[in-house]
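A short write-up of the structure that comes next.
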Amino acid sequence: MIRNLAILGAAVATLAVSAGVQALPPPKVDDTLIASDSLPKTLGNYGFFLDRAANDPAPGVVPYRLNMPLFSDGADKHRFVYVPDGQEIAIGDQGLLEFPVGSALIKTFAFGEGGGQRKIETRVLLHRADGWVALPYVWNEEQTEATLALAGKRVPVTTPWGEEISYRVPNKNQCKECHGLEGAVTPIGPKTRNLSTAWLQSFLGTVPEGADTMPRWEDRAAADRTAAARAYLDVNCAHCHRPGSTASNSGLDLRWETDDPHAIGINKRPVAAGRGSGGLQFDIVPGDPEASILVYRMGSGEPGVAMPELGKATVDEEGVALVERWIAGL
């Protein structure tokens with residue numbers, strides 16, 4: 001599919017000329033920097049945004065949202081995708097959008113409301129000739145620039161429910177723990193089943209079969225309980241708990257399309273849970289959330305027990321409740 005992106009700069013230039021003002025060249029993403037082997041020191045180097053605060057995307061940088069998002073201590077996520085103009089996008093396994101070399105995925109994590117919102121980090125995935133590379137950038141106090149933090153960082157934040165935590169920006173290698181598949185870094189979020197039909201039509205010019213099937217998080221109470229819980233587990237757990245990924249030794253396959261009850265964890269004994277089992281016997285006990293290892297680990301904040309292991313420092317109480325409701329109804 002070929003994307004034809006409108007060039008905002010051209011319109012700006014036309015208006016400037018008509019007003020008798022010398023037009024500036026339109027801003028442009030630095031394609032050479034994305035595709036090179038360099039590690040840009042600041043987020044601003046790429047040209048993804050028109051402003052230093054990274055609120056207004058540059059031409060070709062397209063915002064998007066997921067129906068069912070990944071939980072990250074209640075952080076707001078601002079997601080953008082960039083694809084060089086005229087390049088082709090394919091649809092891969094699980095409906096994952098396959099972006100061409102030169103593409104970038106940009107995700108900013110922020111806490112707070114409205115004008116008081118504070119950006120903490122921006123993670124970028126760059127598609128280069130030898131594969132994808134993941135880089136974390138940490139925002140300064142002035143909120144004017146984010147700087148490369150290969151070693152990661154700890155930042156004090158207040159969650160939306162008022163809990164003070166030490167938020168962890170992952171280091172470059174930790175990014176691979178969630179984005180690793182068969183030893184390679186790969187995107188995990190932009191799958192057609194978790195994107196709206198309206199956005200896909202605008203971005204791709206078509207809506208692939210099986211798109212927009214995951215319920216939206218804000219509609220979870222009214223959604224089918226199985227669909228809502230399975231979507232949550234797919235987004236929050238299946239990037240590790242699937243064949244070929246970092247937690248494949250658990251024997252769990254929590255992907256959306258998995259239909260084998262045992263692979264999902266129903267009446268399945270743990271393979272490698274250790275003390276994480278909490279003395280319980282099965283990953284999921286139909287009708288009994290309290291006897292299910294899955295719920296026990298999701299509801300724990302204890303290192304070595306808590307799941308997921310990375311990406312959060314708090315328990316997602318609403319996510320646990322969603323999964324409990326599903327198991328109770330099995």
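The values are calculated or read from the model by the stated rules, or taken from the named source; none is laboratory data. What you are looking at is a predicted structure, and each value in this text was computed from that prediction instead of being measured. Virtual Cβ from ideal backbone geometry, glycine too; neighbours counted across all protein chains shown. For the accessible areas, the whole protein counts, side chains as well, though only heavy atoms, and no ligand, DNA or RNA atoms are used. Shrake-Rupley method; radii C 1.70, N 1.55, O 1.52, S 1.80 Å.
Among the residues of segment 94-116, what is the count of those that are open to solvent by 40 Å² or more (accessible area, probe 1.4 Å) and either of a type outside the set (Asp, Glu) or within 17 Å of the chain's Cα centre (by Cα) (or both)?
The qualifying residues number 6.
Can you name the residue in segment 76-93 that is open to solvent by less than 30 Å² (accessible area, probe 1.4 Å) and touching a residue at least 40 places away in the same chain (Cβ under 8 Å) and is also farthest from the chain's Cα centre (by Cα) among such residues?
Restricting to residues being open to solvent by less than 30 Å² (accessible area, probe 1.4 Å) and touching a residue at least 40 places away in the same chain (Cβ under 8 Å), the top hit is Pro84.
On the basis of being at pLDDT 95 or above, at negative phi, among the aliphatic types (A, V, I, L, M) and in contact with a helix residue (DSSP H, G or I) (Cβ under 7 Å, 6 or more places away or on another chain), does Ile284 make the cut? Reasoning before the result, please.
Details: at pLDDT 95 or above: yes; at negative phi: yes; among the aliphatic types (A, V, I, L, M): yes; in contact with a helix residue (DSSP H, G or I) (Cβ under 7 Å, 6 or more places away or on another chain): yes.
Against the criterion (at pLDDT 95 or above, at negative phi, among the aliphatic types (A, V, I, L, M) and in contact with a helix residue (DSSP H, G or I) (Cβ under 7 Å, 6 or more places away or on another chain)), Ile284 qualifies.
Give Glu142, Glu98 a once-over and let me know the one that is among the acidic types (Asp, Glu) and closer than 24 Å to Val81 by Cβ. Even if it seems obvious, please write down each step before you answer.
Numbers: Glu142 fails: closer than 24 Å to Val81 by Cβ.
Answer to the check: Glu98.
Can you go through Arg269, Arg325, Arg297, Arg275 and tell me which one is surrounded by fewer than 21 Cβ atoms within 10 Å (Cβ to Cβ) and in contact with a helix residue (DSSP H, G or I) (Cβ under 6 Å, 6 or more places away or on another chain)?
Arg325
Could you grab me the full set of residues in segment 174-203 that are out of contact with any strand residue (DSSP E or B) (no Cβ under 7 Å at 6 or more places or on another chain), part of a loop (DSSP other than H, G, I, E, B) and modelled with pLDDT under 95?
Glu182, Gly183, Ile188, Gly189
Going residue by residue through segment 38-57, is there one that turns out to be farther than 26 Å from Asp130 by Cα, modelled with pLDDT under 95 and of a type in the set (S, T, N, Q)?
yes
Please verify whether segment 302-314 includes one or more residues that are without any contact (Cβ under 8 Å) to a residue 24 or more places away in the chain and among the small types (Gly, Ala, Ser).
yes
Can you tell me which residue among Gln94, Gln87, Gln117 is touching an Asp or Glu at 6+ places or on another chain (Cβ under 9 Å), under 26 Å from Gly210 (Cα atoms) and not small (Gly, Ala, Ser)?
Checking each option against the conditions leaves just Gln94.
I'd like the full set of residues that are over 24 Å from Ala238 (Cβ atoms), in contact with a Phe, Trp or Tyr (Cβ under 9 Å, 6 or more places away or on another chain) and not hydrophobic (A, V, I, L, M, F, W, C), limited to segment 91-113.
Here is the first cut: in segment 91-113, the ones over 24 Å from Ala238 (Cβ atoms) are 100-102, 110-113.
Within this subset, residues satisfying the condition of being in contact with a Phe, Trp or Tyr (Cβ under 9 Å, 6 or more places away or on another chain) are 102, 110-111.
Of everything in segment 91-113, just one residue is over 24 Å from Ala238 (Cβ atoms), in contact with a Phe, Trp or Tyr (Cβ under 9 Å, 6 or more places away or on another chain) and not hydrophobic (A, V, I, L, M, F, W, C), namely Gly102.
Enumerate the pairs (first residue in segment 124-148 and farther than 19 Å from Lys77 by Cα; second residue anywhere and among the hydrophobic types (A, V, I, L, M, F, W, C) and open to solvent by less than 20 Å² (accessible area, probe 1.4 Å)) with beta-carbon separation below 6 Å, excluding pairs fewer than 6 apart on the same chain, so at least 6 apart or on different chains.
From residues that are farther than 19 Å from Lys77 by Cα, the pairs are His127/Phe99; Trp132/Leu125; Val133/Leu126.
Give me the residue from segment 62-75 that is under 27 Å from Leu310 (Cβ atoms) and not in a loop (DSSP other than H, G, I, E, B) and, out of that set, least open to solvent (accessible area, probe 1.4 Å). Don't jump to the end; show me each part of the working.
Of the residues in segment 62-75, the ones under 27 Å from Leu310 (Cβ atoms) are 63-75.
If we keep only those that are not in a loop (DSSP other than H, G, I, E, B) too, we end up with 63-64.
On the way: Pro63: 71, Tyr64: 33 Å².
Looking at the filtered set, the residue picked out is Tyr64.
Of the conditions (1) without any contact (Cβ under 8 Å) to a residue 40 or more places away in the chain; (2) under 22 Å from Arg65 (Cα atoms); (3) not charged (D, E, K, R), Ile120 satisfies every one except a single condition; which number is it?
So the condition that Ile120 fails would be (1).
Test Trp161 against the criterion of being open to solvent by 30 Å² or more (accessible area, probe 1.4 Å), modelled with pLDDT of 95 or more and in the same structural domain as Glu121 (by TED's automatic domain parsing), and give yes or no.
no
Would it be correct to say that Leu310 is within 25 Å of Arg168 (Cα to Cα), in contact with a Gly (Cβ under 7 Å, 6 or more places away or on another chain) and outside the structural domain of Lys153 (by TED's automatic domain parsing)?
Spelling it out, it is not the case that Leu310 is within 25 Å of Arg168 (Cα to Cα), in contact with a Gly (Cβ under 7 Å, 6 or more places away or on another chain) and outside the structural domain of Lys153 (by TED's automatic domain parsing).
Check segment 77-95 and report whether any residue there is at pLDDT 95 or above, of a type in the set (Phe, Trp, Tyr), within 30 Å of Ser300 (Cβ to Cβ) and not in a loop (DSSP other than H, G, I, E, B).
No, that holds for no residue.
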